[in-house]
Amino acid sequence: MFNMAETENQMPARARSEVDPATILAVIPALNEARHIEACIRSLMTGSPELRTVPLLVADGGSADDTVAIIERLKGEFPNLGVIHNLKRLQSAALNLAATVHAPDAARILLRCDAHSIYPENFILDVARSLSDTGAASLVVPMDAEGETCFEKGNAWIVDTPLGSGGAVHRGGNVSGWVDHGHHAGFDLAWFRRIGGYDESFSHNEDAEYDVRLGKAGGRVYLDASIRIRYTPRGDVARLAKQYYGYGKGRARNVLKHGSRLKMRQALPITMVAGSLAGLLASLVYPPAVLIPLTYVTTLTLASVYVAWKHKSACGLYAGLAAGTMHTSWAVGFLREAIFPSDTAIAR
């Protein structure tokens, strides 16, 4: 997948080029993010005084909690902070709205910042500089999951492993290089506009769909492992299931739209879930078939015990439950969309 690679620990320190803050627009899509939005904004504003001159827009999708009130309060501290109203509610629509309607004339770089994340010092400037240095059309970064509640911790400890995310390069990875997809952090705005931005029919997986079109148009994606973000995973089974059900549907929409093939790590959840269900049903007439779902459940149980032992915390016992929720929800969402395609996207 990589045309070049360098481990983060072995990467020599390199000076980044200077970028005019006036050419940057940073956007945070948000919907009912009162718990996370202030910490996210403060982390983005930590570092160089130049950060206070970069337009930072929160594209609110109609929050029913105190998200907007918190942002309005923070405007007194951060004069570059603003709110735009994203009537379509989707993250894809939020970025498109900012890029087409609210971008300053001088803007050349678009940053996507997620409200559930905590960003390293000077993240905005470093992403912009890395885009400039590499000449990439898009810059992606690794995500390091960190939980606060017990379930979030178990979820975080498993999601960035092959059993959780299947070994995606942007999930806790430490290798920089050219990739076909990753967690979006920054865009060359000219490229973003050239290929039409995000497809707003996608409520999930809009980033992967964008990267497919970008690649077909000749744009390249660079993963900079020296710029890392911390994010808080979903805190209960219901919200995690909803999230991964949407991810599965989004991936199916991507396959249907572009005719792309699933990678092994994407096909495995479908195989495991379908195989377990088939084995359970077959066991009614052939009892040994129960070994198929039993093997899967045993694997998740052993993973829970291992994670709890590794982190010396009983919270690790939630790891298997979290992984099983991800697998099952993703597989069900994929199969639902593949068999009964939908035409409309629903906000997360």
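Only one residue in S313, S283 is over 26 Å from the mean Cα position of the chain (by Cα), of a type in the set (S, T, N, Q), more than 23 Å from Y245 (Cα to Cα) and at pLDDT 95 or above. Which one?
The match here is S313.
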**Request:** List every residue pair whose Cβ atoms sit under 8 Å apart, with the two residues 6 or more apart in sequence or on different chains, where the first one lies in the range 28-45 and is over 21 Å from S203 (Cα atoms) and the second, anywhere, is surrounded by fewer than 23 Cβ atoms within 10 Å (Cβ to Cβ) and of a type in the set (K, R).
**Result:** M45/R52
**Item:** Answer from A289, A322 - the residue that is within 18 Å of A156 (Cα to Cα) and surrounded by 15 or more Cβ atoms within 10 Å (Cβ to Cβ)
**Value:** A322
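May I ask you to say which residue of S260, S304 is more than 27 Å from K216 (Cβ to Cβ) and either assigned by TED's automatic domain parsing to the domain that holds L31 or small (G, A, S) (or both)?
S304
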**Enumeration of residues in the range 111-133 that are under 22 Å from E209 (Cα atoms) and either of a type in the set (A, V, I, L, M) or at pLDDT 95 or above (or both)** = L111, R112, C113, A115, V127, L131
**Message:** So for the range 173-188 (the condition being β-branched (V, I, T), touching a Ser or Thr at 6+ places or on another chain (Cβ under 8 Å) and touching a residue at least 12 places away in the same chain (Cβ under 8 Å)), does at least one residue qualify?
**Reply:** yes
**Prompt:** For residues in the range 261-286 being β-branched (V, I, T) and in contact (Cβ under 8 Å) with a residue 24 or more places away in the chain, which is surrounded by the fewest Cβ atoms within 10 Å (Cβ to Cβ)?
**Reply:** I270
**Request:** Output the number of the condition that D105 fails; it satisfies all remaining conditions of (1) crowded, with 24+ Cβ neighbours inside 10 Å; (2) out of contact with any Cys (no Cβ under 6 Å at 6 or more places or on another chain).
**Result:** (1)
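Just give me the residues in the range 203-237 being β-branched (V, I, T) and within 20 Å of G333 (Cα to Cα), in sequence order. Spell out the reasoning first.
To start, the set of residues in the range 203-237 that are β-branched (V, I, T) comprises 212, 221, 227, 229, 232, 237.
Answer for the range 203-237, where residues must be β-branched (V, I, T) and within 20 Å of G333 (Cα to Cα): just V237.
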**Request:** For the range 208-246, enumerate the residues that are closer than 22 Å to I118 by Cβ and part of a loop (DSSP other than H, G, I, E, B).
**Result:** D224, A225, S226, I227, R228, T232, P233, R234, G235, D236
**Prompt:** Does R73 fit the bill of being within 30 Å of G196 (Cβ to Cβ), charged (D, E, K, R) and either touching a Pro at 6+ places or on another chain (Cβ under 6 Å) or surrounded by fewer than 22 Cβ atoms within 10 Å (Cβ to Cβ) (or both)?
**Reply:** no
**Request:** Scan the range 35-47 for residues that are modelled with pLDDT of 95 or more and not in a helix (DSSP H, G or I) and jot them down.
**Result:** M45, T46, G47
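The values are calculated or read from the model by the stated rules, or taken from the named source; none is laboratory data. The shown structure was predicted, so the numbers you read here are calculated from the model rather than taken from an experiment. Methodologically, a virtual Cβ is constructed for each residue, glycine included, from the backbone with ideal geometry; neighbour enumeration extends over all protein chains shown.
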